[in-house]
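S.K.: Pasting a structure here, questions to come.
The values are calculated or read from the model by the stated rules, or taken from the named source; none is laboratory data. Note that the structure is a prediction, hence the values are computed from the model and not measured. For neighbour counting, all protein chains shown are included, and Cβ atoms are generated from backbone atoms with ideal geometry for every residue, glycine included. Side chains are part of the model used for accessible areas, which takes the heavy atoms of the whole protein and leaves out ligands, DNA and RNA. Shrake-Rupley method; radii C 1.70, N 1.55, O 1.52, S 1.80 Å.
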Amino acid sequence: GDLASAEYWYELAATWRAPPTPRMLVSLVSVASRLRDPIAAERWFDRLAGTNLELTIEIFDPLIQLAVNLGNSSGAEHWYREAVYTRGLTPDLKIFNSLMRAAGKAGDAVGTEHWYKEAVYKFGLTPDMRVFTHLICSATSRGNRSGAERWYREAVHTHGLTANIGVFDKLIRAATMEGDYASAEDWYREAVRTCGLAPSIQIFNSLISSAAGSGNMTGAMHWYREAVNRFDLRPDLKMFNGLIGGASLKGNLSIAEDLYREAVHTNGLTPDIGTLNSLIFAAADGLNQSGAEHWYREAVDKYRLTPTMRTFNCLMFSSGGKNMSGAEHWYSMAVSEFGLTPNVKTFRCLIFHAAHAGNQTRAEYWYSESLHTLGLRPDIRFFNHLIFAAAGNDGNQSGTEHWYREAVDTFGFRPIAGTFEPLIRAATMSGNMTGAEHWYRQAVRYDTRADMGIFNSLISCAVLTNQMKRARFWFDKAVSLGLEPDVQTYHFMIRAASRRGNLTAAEEWAERLTATNVEPDVFIYASLISAAANAGNLSSAEGWLQRCSEKGLRPDGFVFLPLVMEASKRADLATATRWYNEALAAGATLDIRFFNYVVKALVGKQDLEAAIVWYSRASDQGIEPDREMFDSIVGLAVARDDWEMAEEFLGRAAELGIEPQGMARTVLINAAAQRAFLAITERALEQKDMDGAEMWLSISAEDGFQPAAASLSRIVVAAVGRGDAAQVARLCREARVRGLRLDDEAAAALTQAFGEKAAGELLED
C-alpha cells in the first residue's frame, strides 16, 4: 500500500528505459484505488491508456470499486461504459458485483436488478452468491420480503448456491419486522442447518433489536426467552438495551423498569446512558414527569453517567404539553451546565410546548433561534406545531396560512395529516365552512389520509354554522373511507339534533352509537339531556340523566344545566330548585348560568325577594355574578319601583367593575329624583299644601321622572283626610296610568273612608 515508493520505482525504471509492463501500471492503479485516491488512480490509468499496451478488463475493476467505495455510483457507471462501450471489453462478474453494490448503497433497487439482468442475460454470466446477496439486501431494505425470498430460492434452488450468514440475517430481520416469528425461526433453523451457525448472543441481539425497534415487543421477548431458556445464553447489556428500548417505544414504563431490574439486579449488569435514556423516554411518553426525573437522577447521581442531548430532549417532552417553563428549564441545563448542542428534536419539542401552552410568540422565537442562530433545517413537524400555535383558541386563519405557506413554498415540504388538522380547526373555530372544506381538499390533493380528528373538525364546523346536511355528509364520508366514528363524532351529531330541538334524531344517533364499540361519555348524555330539554320533554331528559348515573359516570354542572334551564323557562321554580339541589348533592361544578335562568323566571313572576335569594345562593357558592344577573335584578327592582334596591345592586355591580346594560344612568338619576320629590312632597303635606304636593307630582312627570309610589301614596292619604273624593279618584287614576302600586297605608285609608268595595274599585280600576 506504499504508493509513493511504487511510483518511485516505476519512474526509476523509466529513467533506465526499462519498458513498462501492463502488470506494473495495473498495480499502480490498484494501489491508488485501495488508498481511495481517485486523482492518482485516474492519472495512472491515463498513463496506461497512453501506451501501446493492450487494456484488459482487470484495469477497470479497481477503478469501479474505488467509485463504489466513495459512494460515487455515477462514477462507477462511467468506468463501466468506458470499459464496455468505449474499449469494447467484456465485463466479468466481479465488475457487476461492484456495480450492484453501488446501486444498493444508493438505495436504487431498480439499478440493482438492472445490473443483474445485464450480467446474466446480456453477457451470459453465471451469478454467484454475492450477486444474490446484493439482490436480497436491496429487496429487504425497501420492505419487499417476498422479493427477497424469491431471490433466495433462485440462488439456492435454481443455481445450487449456498447462502451465507449475512443473507439469513436479512431474511430473519425481514420476517421479524412483519411480526412473522414462525418464518423468522424457520430461517434461523435453515441458517443453522445450512451454515452450521451456532446460537450466539450476537444473532439473538440482532433478532431482538429488529423486533423491538419495529415496536413488536412480543417478538423481542420471544427471542429473549429463546436465547436464555432454550440455548442457556447469558444476556448482555446490548440485549437488555434492545428490550428496554422496545418497551419505551411502546410507552410501557412498567415493563421497561422490570427489564432494567432483571438486567441490573438479576444479571449484575451496569447500565449505560442508553439504558437510562430509554427509561426516561418511557416515562416521558406517558407524561410521567416525576418518573423521568427519577431516572435522570439515577443516571447522573448513582451511576455518574454523562447525559446526552437525547436525555434532555426526553426530559423536556416529559414536562407535558402546556408546561413551557419546565421544557425551557431542561433546555437551559443541557446547554449551560453540560455544554450540549441542541438538535432538531430539541427545538421541535420547545416549539411544541410553546404551541400547546398557547404562546405563539415563544413558539416563533424558538423557530427563529433554531433557524438563524444554530442554522438547523426544520422539518414539517416544526411547522405543524407553529400552525397549531397560530390556530390557538380563536382560529387565527391568516397566521395558520402563513406558516403553511412557509413550510410548503419556502422549504418545499410535503404536508402531512398533522399539517391540515390545525388549519381545518382554525377555519372551524372561525365558523368558516368553506375554508375548512378547502383545506380538506388540499389534504386529499397531497394524498394525505385524513384521520377521524379531521372529519370531527369538519362535522363540528357544519354544526356550528347550522349546516346539518353538511354535518351528515362529512359523517358519511368518513365512514365510506373506512374510518370509525369516535365518541366525539357522535357527540357532534347528537348536538346537531339538539340544536334543532329534534329529540327523535338525537336518540336515533344515540342508538347508532350503542350499536358500536364506542362507549358513551358524560358529554353524550349531556347532549341528549339538552336535546330533550330543548324539545320540552323533561321526563325524557330525566331518563337520560338516570342512564348516565347507571353507567357510573359523574354528571357535572353542564349535565344539570339544561334541566334547570327548561324548568325555569316554564316558571316551574320547584323543579328548577330540585335539580339545583341534586347538582349540589352530586358535587357538580356550577356556574352563574344556573342562577341566571332561575332569576329570569323570577323576573317574569315579579318576585324580587326570591331573585335576591338566588343571587345570595350564587355568592354562597363562591360564584361571581355577571352582567346578566345584575341586569335581571336591577331591571326587576326598577319594574317594582324599588329604586333604592335598584341603586344598591347597581353599587354592587360597580364594585365588580360591571355596569348593567344601559341602566346605570337611568337608575342613578331616577333614584336621586325619587328622593328629592319625596322630600318636597313631604314638606308640602306637612304644610297642608295639597295643591303644592300635586304640583310637584306634575312637575316630576313633565320632567320625565317616574314619581315614587310612596310619594303618591302620601298624597292620597292626605286627600282622604281632607275628604276630597274627586282628588282621591284623580290620584288613583294617576297611579294606574303610571303603573304604580299604592302602599298598604293608602289602601287602608281608602277602605276606611269609602268602604272595602269602593276602595277596591278605586285601586283596581
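S.K.: Here are ASN596, ASN581, ASN534: which of them is over 22 Å from ARG495 (Cα atoms), surrounded by 15 or more Cβ atoms within 10 Å (Cβ to Cβ) and not hydrophobic (A, V, I, L, M, F, W, C)? If you could, list the steps in order and put the result at the bottom.
M.R.: Details: ASN581 fails: surrounded by 15 or more Cβ atoms within 10 Å (Cβ to Cβ); ASN534 fails: over 22 Å from ARG495 (Cα atoms).
Criteria check complete, one pass: ASN596.
S.K.: Now, a different point. When you look at ILE59, is it in a helix (DSSP H, G or I), in contact with an Asp or Glu (Cβ under 7 Å, 6 or more places away or on another chain) and surrounded by 21 or more Cβ atoms within 10 Å (Cβ to Cβ), yes or no?
M.R.: Details: in a helix (DSSP H, G or I): yes; in contact with an Asp or Glu (Cβ under 7 Å, 6 or more places away or on another chain): no; surrounded by 21 or more Cβ atoms within 10 Å (Cβ to Cβ): yes.
Against the criterion (in a helix (DSSP H, G or I), in contact with an Asp or Glu (Cβ under 7 Å, 6 or more places away or on another chain) and surrounded by 21 or more Cβ atoms within 10 Å (Cβ to Cβ)), ILE59 does not qualify.
S.K.: What are the residues in the range 147-180 that are open to solvent by 40 Å² or more (accessible area, probe 1.4 Å) and either more than 19 Å from HIS134 (Cα to Cα) or in contact with a Phe, Trp or Tyr (Cβ under 6 Å, 6 or more places away or on another chain) (or both), if any?
M.R.: The answer is MET177, GLU178, ASP180.
S.K.: Restricting to the range 82-124, what's the tally of residues that are more than 12 Å from VAL68 (Cβ to Cβ), part of a helix (DSSP H, G or I), of a type in the set (A, V, I, L, M) and touching a residue at least 24 places away in the same chain (Cβ under 8 Å)?
M.R.: 4
S.K.: Failed condition for MET565, given (1) surrounded by 17 or more Cβ atoms within 10 Å (Cβ to Cβ); (2) at pLDDT below 85; (3) touching a helix residue (DSSP H, G or I) at 6+ places or on another chain (Cβ under 6 Å); (4) more than 26 Å from GLY635 (Cβ to Cβ), with all others met?
M.R.: Unmet condition: (4).
S.K.: Which is surrounded by 15 or more Cβ atoms within 10 Å (Cβ to Cβ), at pLDDT 80 or above and assigned to a helix (DSSP H, G or I), of ALA6, ALA32, ALA41? Walk me through how you get there before you give the answer.
M.R.: Working: ALA32 fails: at pLDDT 80 or above; ALA41 fails: at pLDDT 80 or above.
Testing whether each residue is surrounded by 15 or more Cβ atoms within 10 Å (Cβ to Cβ), at pLDDT 80 or above and assigned to a helix (DSSP H, G or I) leaves just ALA6.
S.K.: Given the range 541-656, what helices (runs of 4 or more DSSP H) lie entirely inside it while holding 2 or more residues that are over 30 Å from GLU511 (Cα atoms)?
M.R.: The qualifying helices (runs of 4 or more DSSP H) are 573-585, 592-604, 608-620, 627-639, 643-655.
S.K.: Okay, next question. Could you count how many residues in the range 258-273 are surrounded by fewer than 18 Cβ atoms within 10 Å (Cβ to Cβ) and either within 16 Å of ALA283 (Cα to Cα) or not aliphatic (A, V, I, L, M) (or both)?
M.R.: Summing the residues that are surrounded by fewer than 18 Cβ atoms within 10 Å (Cβ to Cβ) and either within 16 Å of ALA283 (Cα to Cα) or not aliphatic (A, V, I, L, M) (or both) in the range 258-273 gives 10.
S.K.: Tally the residues that are surrounded by 15 or more Cβ atoms within 10 Å (Cβ to Cβ) and either touching a Gly at 6+ places or on another chain (Cβ under 7 Å) or of a type in the set (Gly, Ala, Ser) (or both), restricting the search to the range 121-137.
M.R.: Residues meeting the conditions: 3.
S.K.: Here's another thing I want to ask about it. Give me the residue from the range 393-421 that is under 12 Å from the mean Cα position of the chain (by Cα) and open to solvent by 10 Å² or more (accessible area, probe 1.4 Å) and, out of that set, modelled with the lowest pLDDT.
M.R.: Across the range 393-421, the extreme among qualifying residues is ALA417.
S.K.: Name, by its number, the condition in (1) open to solvent by 20 Å² or more (accessible area, probe 1.4 Å); (2) in contact with a His (Cβ under 8 Å, 6 or more places away or on another chain); (3) not basic (Lys, Arg) that does not hold for ALA211.
M.R.: Exception for ALA211: condition (1).
S.K.: Among the numbered criteria (1) of a type outside the set (Gly, Ala, Ser); (2) more than 22 Å from the chain's Cα centre (by Cα); (3) modelled with pLDDT of 90 or more, which single criterion is violated by GLU364?
M.R.: (2)
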